[in-house]
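Chemist: Input: one structure, supplied below.
The values are calculated or read from the model by the stated rules, or taken from the named source; none is laboratory data. Nothing here was measured: the structure is a model prediction, and the numbers come from that model. Please note: Cβ atoms are built from the backbone with ideal geometry, for glycine as well, and neighbour counts cover all protein chains shown. Remember, those area values only see protein heavy atoms, side chains included, never the ligands or the DNA or RNA. Shrake-Rupley method; radii C 1.70, N 1.55, O 1.52, S 1.80 Å.
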Amino acid sequence: LDVCNIISDAGFISIVSTNAYLINETMAQRICDSRLGVLAISLESLRGETHDFYRGVKGVGTRALRAVDYLRKYYRKGESPLISVLTIIMEKNLKDIPDLVEWVNRDDLFQSISFLALLETGIVNSRNWFKSEEYKPLWPQDLTKVYTLLDVLAERRQRGYKIWNPLSQLEAFKEYYTEPVKFMKETEYKINDYIID
């Protein structure tokens with residue numbers, strides 16, 4: 001947080017992504033009192049068992065939600081950092097995402113929710129990594145469910161929900177999840193262009 005203050009003094013905006021695991025009440029107060037620009041909390045679901053599954057540690061979902069409660073206690077609109085939620089679209093959280101969007105949308109603590117596509121880490125380096133048994137619990141298996149979810153997200157964004165992704169990106173997610181290898185190879189969207197991130 002001291003570094004974030006220095007960054008702010010230099011005229012830049014600091015952004016920190018966190019799983020919120022270590023945000024206790026003291027840290028929440030320090031975050032809200034700092035000049036951190038944006039705090040992005042990774043949250044895959046409001047259901048603890050789903051979030052825990054993706055993190056591989058029991059209880060992390062509960063701790064993340066507790067951290068949100070602590071942040072809410074010390075948050076001062078216009079003074080504290082902007083707080084956003086980051087969610088990766090995956091197999092086990094497809095049905096949970098609409099509830100997560102509703103939760104973010106009605107809570108003044110959050111500026112937005114941003115959706116990310118599930119990408120190969122670069123370690124695997126396999127053309128069909130998403131088809132492997134190892135990635136089956138992560139990669140959405142039913143494209144109809146993905147399309148339906150993305151249509152719901154687009155509709156809610158058009159209604160003014162706090163969804164950061166532009167409509168063009170939500171449409172691009174459909175193409176990506178349909179044929180990820182082709183999408184990454186043949187379209188103008190690249191990993192580091194903040195379109196598929």
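Chemist: Counting heavy atoms of the protein chains only and a 1.4 Å probe, report the per residue accessible area for the chain as a whole number of Å².
Modeler: 55 Å²
Chemist: So, one more: Tally Lys/Arg at +1 and Asp/Glu at -1 over every other residue whose Cβ is under 11 Å from the Cβ of ARG35; what's the total?
Modeler: Around ARG35, the surrounding residues sum to -4.
Chemist: Taking all protein chains in place and a 1.4 Å probe, what share, in percent, of the accessible surface of the range 1-107 do carbon and sulfur account for?
Modeler: That fraction is 53 percent.
Chemist: Compare the Cα positions of GLY61, PRO137, GLN169 along the charge dipole of the chain (+1 at Cβ of Lys, Arg; -1 at Cβ of Asp, Glu; about the Cα centre) and return the one farthest towards the positive end.
Modeler: It is GLY61, whose Cα lies furthest towards the positive end.
Chemist: Something else: In whole Å, what are the extents of the range 34-127 along the principal axes defined by its C-alpha atoms, from largest to smallest?
Modeler: Dimensions of the range 34-127 along the principal axes of its Cα atoms: 46, 25, 23 Å.
Chemist: Right, next: Length gain on complete extension for the stretch GLU102 to VAL38, per 0.36 nm per residue less the alpha carbon to alpha carbon distance?
Modeler: Going from the current span to full extension adds 21.0 nm.
Chemist: Run the simple label-point estimate for TYR147 and SER17 please: 7 Å along Cα→C-beta, distance reported in nm.
Modeler: 2.9 nm
Chemist: Measure of size requested: the Rg and Dmax of the range 1-89, with Cα atoms as the atom set and Å as the unit; please supply both.
Modeler: 13.4, 42
Chemist: What angle do you read, to the nearest 10 degrees and between 0 and 90, between the alpha-carbon axis of helix 60-74 and the longest principal axis of the chain?
Modeler: Taking Cα atoms only, the helix is inclined about 40 degrees.
Chemist: Now a separate question. Could you work out the Rg to Rh ratio of the chain, with Rh taken as the Kirkwood radius (inverse of the mean 1/r over all Cα pairs)?
Modeler: Value, to two decimals: 0.98.
Chemist: Rounded, prolate or oblate: which fits the range 40-88 when a ≥ b ≥ c are the square roots of the eigenvalues of the alpha-carbon gyration tensor, with rounded for a/c under 1.5 and prolate only if a/b beats b/c?
Modeler: Prolate, because a/c is 1.5 or more and a/b exceeds b/c.
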